[in-house]
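The values are calculated or read from the model by the stated rules, or taken from the named source; none is laboratory data. None of these values were measured; they are calculated from a predicted model. Heads up, the Cβs are rebuilt from the backbone with ideal geometry, glycines too, and the neighbour counts pull from every protein chain shown.
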Amino acid sequence: MNKHGGYQGKNQKMRDFSVNINPLGIPDGIREKLVAGITELVKYPEISGASAIKKIAADLDVEPENVILGNGAIELIYLFARSMGPAKALIIQPTFNEYERALKLYGWEVSHYVLTAEDDFAINPQILNALIEKEKPQAVFLCNPNNPTGQVYSKVMISAMVAAAAPEITWFLDESFLDFSNEMGSLSLLKSEHRGIFILKSLTKFYALPGLRIGYGVAKPTIIKKMERFKEPWTINTLGLIAVTAVYDETAYAEKTKAYITKERQRVYHELAQIDGIKVFKSNTDFHLCRLLQGTVNQLQVDLEEAGMALRTCEDFIGLDSSYFRIAIKKAEDNNKLLTFLKNWRN
């Protein structure tokens, strides 16, 4: 079984800090359009979601041939692995474990660049370049902002890493959590001479729609065409297609979300930093990675669930162990309850 965030127990009132979903909930405008769209369920949706792709392309100022839709970002991770390989890949760790699972499922050879807590999970370009030269991967995977560390890497830094590497390498850049940060994405790299850039985006996290499974990828047409050859028809349902077009009317919601997450993330960080026995790492998105300085999170997890809260343990991430845990930014009252619990638990 794959391990991911998401409380699966019987307590329906559980405050679930293990999932990184927008705490503001589904925007009212999208909710209304989804309810109205129920009558459309008697019809087949578009086979490949052409209208939604056109909308995304217009917003990004690219051509529809640069865009591919997925049943969540996860479908596109597996579709990339299936269509672009098998080959060799380098994954910058610790990170989302589905990259490796997808690659190995389709016969890829995988190597790692494991970042360390001592360096605040920062990338050393010299080490990365040396590993690329040694391993000679056909693809490099980077999550930005990274899950679970919360580290964000600037467009300037990524552009320099891409420029320093061999031009035949494809860079898989997962920007599923970028909308929660104030960092610019890597879209401009698509307009450079480098042909091997695939940018992954998720709409379900920022707009609180994980049940609809909506993601998209942006790349040069040569990459998109390879992926489309292996893509099943009708992977996006009618309500998902409605949601894709609806998100572009939610400018006020997006601005409100960014302002709230930025302010609340900073507040929660400073509160966590004052708790003895817990190390919190600075984040640029909607969650924090933490570490118990003594012991493991096993008892913390049990005690927390008894108090009606859940967190994400991190022992399954390469480079982390059972002393690490991840907590999402939620509504202020929920965050306060968690902070109070952690302060009392450590004492």
Show me the strands (runs of 3 or more DSSP E) found entirely inside region 139-206 where at least 1 residues are touching a residue at least 40 places away in the same chain (Cβ under 8 Å) and aliphatic (A, V, I, L, M).
139-143, 197-202
Selected residue [in the same structural domain as Val244 (by TED's automatic domain parsing), touching a residue at least 40 places away in the same chain (Cβ under 8 Å), aliphatic (A, V, I, L, M) and closer than 23 Å to Ile21 by Cα] from Ala87, Ala73:
Ala73
Taking region 229-255, which residues are more than 17 Å from Ile56 (Cα to Cα) and of a type in the set (D, E, K, R)?
Arg229, Lys231, Glu232, Glu255
Return the residues of region 41-66 that are without any contact (Cβ under 8 Å) to a residue 12 or more places away in the chain and aromatic (Phe, Trp, Tyr); say none if nothing qualifies.
none
Being among the basic types (Lys, Arg), closer than 25 Å to Tyr44 by Cα, assigned by TED's automatic domain parsing to the domain that holds Pro167 and under 21 Å from the mean Cα position of the chain (by Cα) is the requirement here; does Arg213 meet it?
yes
Quick check, is Ala273 within 22 Å of Gly29 (Cβ to Cβ) and at pLDDT 95 or above?
no
Can you tell me which residue within region 178-210, out of those that are surrounded by fewer than 19 Cβ atoms within 10 Å (Cβ to Cβ) and acidic (Asp, Glu), is nearest to the chain's Cα centre (by Cα)?
Glu183
Find the residue count for region 112-126, including only residues that are within 19 Å of Tyr324 (Cα to Cα) and in a helix (DSSP H, G or I).
3
Return the total of residues in region 125-147 being surrounded by 13 or more Cβ atoms within 10 Å (Cβ to Cβ) and in contact with a helix residue (DSSP H, G or I) (Cβ under 9 Å, 6 or more places away or on another chain).
12
Mind listing whichever residues of region 81-114 are under 16 Å from the mean Cα position of the chain (by Cα) and among the aromatic types (Phe, Trp, Tyr)?
Phe96, Tyr99
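On the given criteria, is Ile223 more than 26 Å from Leu338 (Cα to Cα), surrounded by 14 or more Cβ atoms within 10 Å (Cβ to Cβ), more than 20 Å from the chain's Cα centre (by Cα) and hydrophobic (A, V, I, L, M, F, W, C)?
In short, yes.
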Please go through region 148-177 and pick out each residue that is surrounded by fewer than 23 Cβ atoms within 10 Å (Cβ to Cβ), under 25 Å from Lys205 (Cα atoms), in contact with a Gly (Cβ under 9 Å, 6 or more places away or on another chain) and of a type in the set (A, V, I, L, M, F, W, C).
Trp171
I'd like to know if region 66-79 contains one or more residues that are surrounded by fewer than 22 Cβ atoms within 10 Å (Cβ to Cβ), more than 26 Å from Thr222 (Cα to Cα) and β-branched (Val, Ile, Thr).
no
